[in-house]
Structure formats: C-alpha cells, structure tokens
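Novice: Please find one structure pasted underneath; my questions will follow.
The values are calculated or read from the model by the stated rules, or taken from the named source; none is laboratory data. In this text, all values refer to a predicted model and were calculated from it rather than measured experimentally. Here the Cβ positions follow ideal geometry from the backbone for every residue, glycine too, while neighbour counts run over all protein chains shown. Quick note on the areas: whole protein, heavy atoms, side chains included, nothing else; ligands and nucleic acids left out. Shrake-Rupley method; radii C 1.70, N 1.55, O 1.52, S 1.80 Å.
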Amino acid sequence: MPFEPIIADAELWDGDMTAHRVDGRDLLLVRHNGVVYAYENRCAHLGVALSEGRLDGYVLTCRAHHWQYDVRSGSGVNPATACLRRFAVKIEDGKIFVDVHAPSPDFPNAEDVGDGVGPVLTGHHRAQAVLEAIRRLNPSVEILNRGSYIRVLAPRRCLVTRSAVEDILRQPFDFRAELEIMMPSFKGRMRLDDDEAVWTFEAGAISGATASPRGRSHPEMIPDAMPSFKDTLRHGDDEVVSTFEASAISGAIARPKGRSRQEMTQKRTYWHLSDLGRKPTDYDIATSRLHYWTARGFEVKVPVSEWHERYQRGSELRCRDWESWGDPRQTTYTTYTTMQRTREAFVNGLLDSISDDYDRGLSPQWLALLDRVLAPLRYPGHGLQMVAAYIGNMAPTARITIAATFQAADEMRRVQRLAYRMRQLQVTHPEFGRTAQQTWQDDPIWQPLREVIETLLVTWDWGEALVALQCVLKPAFDELFMTQFGRLARAAGDDVLDRMFFSLNEDCAWHRAWSESLLLTAIRDTPESASAIERWIENWVPRVSRAVSALQPIFDEISQGGAGRFATVSNEIEQFGQRNRGALFAHRDLPTGESVA
C-alpha cells in the first residue's frame with residue numbers, strides 16, 4: 001500500500017503528539033528532536049489510547065496504568081518487555097506521510113541467521129538468568145542485544161534446562177510458564193517441557209512470532225495479539241504454521257495478505273491443574289495459581305514491588321512450592337458464606353433474645369467490668385483484623401491470601417458483634433462505653449496488649465507477622481477472652497455473652513488449624529524455616545505474657561480467689577499456647593498431607 005498524507009509537517013510541533021485514523025487504524029504521530037515517529041495509538045497493556053497520555057521528553061506514559069514507552073524506538077521503558085507497533089514515515093512537500101501497512105524501515109524485515117537456532121527473549125526480569133544458563137550449556141552461542149529484544153543463536157542446536165536456570169537464580173523457576181512469557185518468538189524447531197527447551201535446525205524453519213509465505217520472520221514486531229507457539233512446522237500453499245508437537249498451546253497462522261487467525265486445539269477447562277492426577281475440586285479451581293507475580297515479579301516497577309521483594313521473598317519463612325499447601329477446611333467463598341450464615345443466625349438469635357430486663361438484671365459490679373473490658377475490646381480486635389489482612393496481602397500464594405482474608409473477615413465479625421452488644425447495653429445504661437477509647441489508651445491493664453498489637457502492625461516481614469499473630473498473640477488473646485472471660489460471664493449470670501464468645505471461638509479454632517498446617521508444610525519442605533519460626537516465637541512470647549499478666553485485675557475484680565484464680569487462668573493460657581506451638585515441631589517429620597492428631 002502507498003504512503004498516505006496525514007497532516008502538514010508544520011502542524012506537528014517538536015515535543016507534541018497527535019492522533020489520527022487511517023485505513024481503519026488508530027495512528028499516533030510524535031515529533032521528538034525534529035524526528036517524526038508513527039505508532040499504533042494503543043497501549044500494549046489494555047489498548048488505551050496513548051494520545052490521551054503524557055509525553056515528557058522521549059518518554060510517553062499511558063494515562064490508565066502508567067506504562068511507559070521510548071518514542072524514539074517504541075520499546076518499553078516500564079515495563080521493559082512492552083513494545084509499540086511502529087509504521088514507516090516520510091516527509092515530502094511539507095506533509096507527513098505514513099504507510100500503516102508496512103513496518104518502519106528502522107526494523108528490518110528479516111535477519112540472516114543461517115543455521116543458527118534459539119529463542120528471542122524480551123526484557124523480562126529473569127531473562128538474564130536464562131541467557132546465562134544458555135551460555136553455560138551452549139559454548140558456541142551468539143547473543144545479539146537488539147534493544148527491545150535479545151536474539152539467541154546457537155549453531156544448529158540450542159539447549160536450556162530448568163536446573164541450570166535454578167542454579168543461577170538459587171530459587172525455584174517455573175520453567176515452561178516463565179519461558180513462554182519472556183519468549184515472543186524463536187528460530188528453529190522447538191521442543192519444550194517442564195524441565196528443558198531444545199531448539200534444533202530444520203531447513204526452512206521460521207521464527208515463531210509472525211511469518212510470511214516465504215518464511216521471513218519479523219521477531220522485532222509485536223503482533224496485534226501476540227500468539228502462542230508450538231514446535232512442529234507445517235507448510236502449505238498459502239500458510240505457514242508454527243506449532244508445538246506435543247503441547248496444547250495454540251499457535252498462529254500467517255497468511256500472504258497479513259491476516260491472521262488463531263488455530264485452537266481442544267483443552268480441558270482447567271488444564272493447568274492436570275498434574276493433580278484427579279478431577280479438581282471447587283477448592284482447587286478457586287484457589288490455585290492466582291498470584292502470577294510471586295513467580296514472575298511485577299510487570300511494572302512500582303514501590304510496592306520492592307516492598308514485596310524485601311518483606312515477602314526476603315522472609316526467612318520459605319517453601320519451594322507454596323501451592324502444595326491447602327487449607328484443611330478447603331474454604332472457598334461459597335463454603336465460607338454458607339458456614340458463616342449459620343453461625344450468624346445463631347449469634348443474632350442470642351443477641352435478639354436479650355431484653356431490657358436481661359440487661360437491667362446484670363449486677364453493677366459486672367456492668368462496671370464490662371464497661372472496662374467489653375467496650376474497649378473492639379480496638380485490639382481491629383488490630384488483629386488489620387494484621388491478618390496484611391498477611392493476606394503479602395502472602396506468596398492465593399491460598400494463603402484467601403485463608404487470611406477470611407480470617408480478617410472473622411475478626412471484623414467479632415468486632416461488629418462486640419459493638420452491637422455495647423449498643424444494646426447503652427439502651428438501659430446510657431453511659432456504658434462512652435469512655436472506651438480513653439480506656440484503651442490510658443488504662444494500665446490495656447497498655448502492654450496495645451504495645452504488642454501496635455508493634456505487630458509495623459512488623460513488615462510477612463513470615464514473622466504470621467508466626468507472631470497465629471502462634472503467639474491470637475492463641476493467648478482468644479483463650480483469655482473467648483474462653484476464660486466467657487467463664488466469668490457465665491459465673492456473673494451473663495449466659496448470652498458466654499455463648500456468643502463460644503460461637504465466635506469456633507472461628508478462632510480454624511485460624512489456628514490453617515496456620516499450623518501452613519507452617520508445617522513450610523518446615524517439612526524447607527527445614528531452615530523452623531529455626532526462624534522458633535526465633536520469632538521466642539521473641540514474641542515474653543511480650544504477650546506481659547500483656548496477659550497486665551489483665552489480672554479483670555479477674556481479681558469479679559472472681560473469688562483473686563490472684564490465685566488468675567494464676568490458674570494464666571497457667572491455662574500458657575499451656576494452651578504451648579500445645580499449639582508444640583504441634584509444629586512435634587509433627588514436622590510426618591509425611592506431607594498426613595493428619596495430626
């Protein structure tokens with residue numbers, strides 16, 4: 001197709017850009033340092049018009065998600081793996097002409113690669129490890145850095161293995177998945193499985209991105225929708241197909257007129273779970289492999305990526321395959337809401353059964369204690385909820401995120417029920433709970449617990465936060481208030497509060513079960529995690545013990561026996577925590593998946 005006039009040369013100022021539509025294509029013209037560039041007017045991320053973005057020097061930033069491009073080449077700045085579709089430009093007779101059907105002459109239609117074979121890699125953050133592994137395994141390899149991509153050429157045969165990459169990274173590498181992400185094209189015939197990739201020379205072999213009838217490739221050009229690839233080459237009269245020989249991933253078909261269609265092969269809906277060797281459960285489907293960034297890293301460099309690198313990937317709590325863990329209860333959103341609906345009905349029934357006469361019948365001594373304990377209790381409850389939410393946010397696998405998120409919801413449910421009960425008491429006792437915030441901030445019995453929770457809220461290492469919350473603080477907190485204080489309530493004639501705490505404590509039992517199972521998985525997979533867990537426990541136990549001891553006046557005021565009674569309570573809380581923590585190390589040698597009595 002011929003070049004078509006777009007606008008007058010004088011209309012496009014230096015440092016400016018403009019959008020136009022030519023032959024059904026949305027076109028972006030940019031002038032930088034006197035040079036005019038033409039690109040398809042769509043971000044490589046989600047197709048948002050780049051003309052709506054911001055141009056600072058040579059960096060063009062998309063308005064939607066802040067992907068950035070170098071307008072001099074069309075290559076990605078952030079992320080480096082991105083690339084814009086570029087068109088040929090010329091200026092004649094004071095007008096800017098663009099051929100939207102031809103690539104820019106700055107990008108050659110083909111490279112003379114001879115009998116060289118190998119992948120074409122983008123600027124993925126782990127691509128350097130793959131390149132180094134290729135160098136080690138292929139002494140005669142040639143690596144050509146083209147800026148927006150890197151071409152690897154080895155004479156007639158190129159090999160890279162998962163073990164070689166992992167030796168360089170010193171961490172697990174999802175070989176097939178990550179290689180597919182960083183490799184938009186390749187030269188030769190390729191065989192790929194979970195452990196190695198091999199490219200071999202075959203006469204007439206083409207790259208796996210786009211192809212013309214003559215077999216010429218354009219690896220530097222990013223297609224409208226980047227195709228997958230397979231490794232068997234098939235030639236016909238009007239098409240060339242690049243496909244995998246034994247893979248279910250689809251390839252692309254290139255036609256003489258440049259039109260493409262997708263060649264689809266039948267796959268099971270949840271083919272990524274095929275290695276289970278059984279039909280996946282609803283839990284498998286709803287929770288498996290949802291956090292793509294934990295293995296690949298963040299596609300866009302933002303401050304939070306460094307945060308996760310330091311406080312999640314850098315944590316001493318490690319496991320080579322977090323996906324091997326599963327919630328013992330196999331909780332999904334559906335099962336969670338069904339279960340909690342039943343429990344909510346029970347608790348709501350208890351609260352609705354309370355009449356004004358019930359609250360008026362409570363003793364003044366018990367009401368004074370409730371004002372000191374029940375009203376401020378929602379503040380540490382909020383702290384527990386926020387820590388659980390942070391753990392879910394930082395978790396290396398979606399299954400942990402889901403469990404921690406449901407736990408955060410349980411903590412919020414507990415806070416809401418406490419607040420509802422407080423409002424009920426205010427009907428007959430209007431001054432009840434009016435000083436709850438001041439009590440939490442100033443009453444000596446709360447200050448050690450407040451210090452523990454506020455310290456935990458700024459414990460950024462996700463592993464330490466998990467261990468401190470689930471193995472130390474929550475077992476003591478839940479036993480102290482849901483069990484021991486519930487017994488005080490029953491002794492004071494407040495049976496409804498005791499039964500409500502008993503129901504809420506059912507949630508707490510699951511919190512301990514899933515976290516214990518998770519930590520056991522980590523210890524059995526990576527024994528070095530055990531020493532970190534033990535160190536964190538030793539660090540947090542004295543703090544929590546001080547917080548429990550400070551609450552002694554609660555039991556002295558209402559129970560007979562005074563200090564002797566609290567000594568029994570404190571001993572029961574300590575033994576409860578020790579039993580829960582002891583299970584981690586008593587059963588760490590059991591085979592993975594074996595139940596703990």
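Novice: Quickly work out the residue 64-to-residue 356 label distance, labels modelled 7 Å from Cα along the C-beta direction, and quote it in nm with one decimal.
Specialist: Label-label distance for residue 356 and residue 64, simple model: 5.9 nm.
Novice: On to the next question. Once the Cα gyration tensor of region 280-424 is found, what semi-axes does its equivalent ellipsoid get, as square roots of 5 times the eigenvalues, in whole Å, sorted largest first?
Specialist: Semi-axes from the Cα gyration tensor: 40, 20, 11 Å.
Novice: On to the next question. Calculate, for residue 193 and residue 115, the FRET efficiency according to 1/(1 + (r/R0)^6) with r their C-beta to C-beta distance and R0 22 Å; round to the nearest 0.05.
Specialist: Step by step, r from the Cβ atoms, then E = 0.35.
Novice: How much FRET efficiency would the formula 1/(1 + (r/R0)^6) give for residue 339 and residue 565, where r is the Cβ-Cβ distance and R0 is 56 Å, rounded to 0.05?
Specialist: With R0 = 56 Å, the Cβ-Cβ based efficiency is 0.95.
Novice: In region 395-523, carbon and sulfur make up what percent of the accessible area (probe 1.4 Å)?
Specialist: Within region 395-523, the accessible surface is 51 percent carbon and sulfur.
Novice: What order, most packed first, do the peptides 339-351, 81-93 have when packing is the mean number of other Cβ atoms within 10 Å of each residue?
Specialist: Highest mean packing first, the order is 81-93, 339-351.
Novice: For a Förster distance of 56 Å, can you work out the FRET efficiency between the beta-carbons of residue 166 and residue 23, rounded to the nearest 0.05?
Specialist: The value I calculate is 0.70.
Novice: A further question follows. Just to be sure I understand the model, the point goes 7 Å from the Cα along the line to the Cβ. What's the resulting residue 365 to residue 289 distance in nm?
Specialist: Rounded to a tenth, the inter-label distance reads 6.4 nm.
Novice: Using protein chains only and a probe of 1.4 angstrom, how many square angstrom of residue 565 are accessible, to the nearest 10?
Specialist: Counting only protein heavy atoms, the figure is 60 Å².
Novice: If packing is taken as the average number of other Cβ atoms within 10 Å across a peptide's residues, how do 21-28, 352-359 rank, most packed first?
Specialist: Answer by packing, highest mean first, reads 21-28, 352-359.
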